[in-house]
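A.B. asks: I am attaching a structure below and will ask some questions about it afterwards.
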Amino acid sequence: MYGFILTSMFGILIGVIMTLFRGSFIDSSLRFFCTLISSIPNFWLAIILITIFAETLQILPTSGYESEKSLILPSIVVSLSSIGFIARLTRASFLKVLSKEFIVLANAKGLRSYTIGIIHIFKNGIIPVSTYLGLYFAAILGGSSIVESIFALPGIGSYAIESIYARDYYVIQAYVILTGTTYILVNLGLDLLYFAINPKIKESEC
């Protein structure tokens, strides 16, 4: 959950900043940063963070769950690569909306920048981003297995890996059913969210 919150907040924020400063040095630097963090493997990043913050600086726990501090490093590892993707997706989506004719019409009418940004640009540009965020939330159940194992966190992912080693087929089947059901429910929730964000979307287009 913490990883999903970090991904949503910083991914969209960085994407909005790149959109506002498009074509500038800030935009280029942030795009390079997003590409860089998106290419870092999670297991390698986890080892590096443990070495720096747990072993060298000794400000965060190495593994296990003792307090909320134990979730800081795993949350960063789970969210970092997705932050880069969300930021670039937000930038591309918002720039696409900016090129639409209704944005030109809204500026011609003399609408405030705040009104254009929130009502027209954000509501239309956030739909592709919300799609990825919804699927990312469902993928955390399976994708965080390695991270949970590295940090020795008690979670459903690490429990599934232990069940594979122990050949506990009942637990494995339950895990598959749970993740599959989660994907279905998340996709259903996304379809309903589209209508809430933009009521103009027709049912045939979803």
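A.B. asks: Filter the stretch 53-68 down to residues that are assigned to a helix (DSSP H, G or I) and either open to solvent by less than 60 Å² (accessible area, probe 1.4 Å) or touching a Pro at 6+ places or on another chain (Cβ under 6 Å) (or both), then give me how many there are. Show your work before the answer.
C.D. replies: Residues of the stretch 53-68 assigned to a helix (DSSP H, G or I): 53-56, 68.
Next, only the ones that are either open to solvent by less than 60 Å² (accessible area, probe 1.4 Å) or touching a Pro at 6+ places or on another chain (Cβ under 6 Å) (or both) stay: 54.
So the answer is 1.
A.B. asks: Something else now. Go through the stretch 14-26 and give me each residue that's without any contact (Cβ under 8 Å) to a residue 40 or more places away in the chain and either open to solvent by less than 80 Å² (accessible area, probe 1.4 Å) or within 19 Å of Gly125 (Cα to Cα) (or both).
C.D. replies: To start, the set of residues in the stretch 14-26 that are without any contact (Cβ under 8 Å) to a residue 40 or more places away in the chain comprises 17, 20-21, 23-26.
Those that are without any contact (Cβ under 8 Å) to a residue 40 or more places away in the chain and either open to solvent by less than 80 Å² (accessible area, probe 1.4 Å) or within 19 Å of Gly125 (Cα to Cα) (or both): Ile17, Leu20, Phe21, Gly23, Ser24, Ile26.
A.B. asks: Filter the stretch 1-52 down to residues that are among the charged types (D, E, K, R) and not in a helix (DSSP H, G or I), then give me how many there are.
C.D. replies: Looking only at the stretch 1-52, we keep the residues that are among the charged types (D, E, K, R), and these are 22, 27, 31.
Checking the rest, the ones that are also not in a helix (DSSP H, G or I) come to 22.
Number of matching residues: 1.
A.B. asks: Counting only residues that are surrounded by 18 or more Cβ atoms within 10 Å (Cβ to Cβ) and within 22 Å of Tyr136 (Cβ to Cβ), which one in the stretch 43-52 is farthest from the chain's Cα centre (by Cα)? I'd like the intermediate steps shown before the answer.
C.D. replies: Here is the first cut: in the stretch 43-52, the ones surrounded by 18 or more Cβ atoms within 10 Å (Cβ to Cβ) are 45-46, 49-50.
Now restrict to residues that are within 22 Å of Tyr136 (Cβ to Cβ): 45-46, 49.
Numbers: Leu45: 17, Ala46: 18, Leu49: 20 Å.
The extreme case among them is Leu49.
A.B. asks: Then there's this: If Ser99 meets every condition in (1) modelled with pLDDT under 65; (2) loosely packed, with under 11 Cβ neighbours inside 10 Å apart from one, which number is that one?
C.D. replies: Just one mismatch for Ser99, condition (1).
A.B. asks: Going through the stretch 157-167 one residue at a time, which ones are at pLDDT 75 or above and either under 26 Å from the mean Cα position of the chain (by Cα) or surrounded by 15 or more Cβ atoms within 10 Å (Cβ to Cβ) (or both)? Before you say what the answer is, go through the steps one by one.
C.D. replies: Here is the first cut: in the stretch 157-167, the residues at pLDDT 75 or above are 159-167.
Answer for the stretch 157-167, where residues must be at pLDDT 75 or above and either under 26 Å from the mean Cα position of the chain (by Cα) or surrounded by 15 or more Cβ atoms within 10 Å (Cβ to Cβ) (or both): Tyr159, Ala160, Ile161, Ser163.
A.B. asks: Does the stretch 72-94 hold any residues that are open to solvent by 50 Å² or more (accessible area, probe 1.4 Å) and either at pLDDT below 80 or farther than 14 Å from Arg31 by Cα (or both), and which are they?
C.D. replies: Ile72, Ile76
The values are calculated or read from the model by the stated rules, or taken from the named source; none is laboratory data. Computed from a predicted structure; not experimentally measured. Reconstructed Cβ throughout: ideal geometry from the backbone, glycine too, with neighbour counts over all protein chains shown. To get the accessible areas, we keep the full protein, side chains included, count just its heavy atoms, and leave off ligands, DNA and RNA. Shrake-Rupley method; radii C 1.70, N 1.55, O 1.52, S 1.80 Å.
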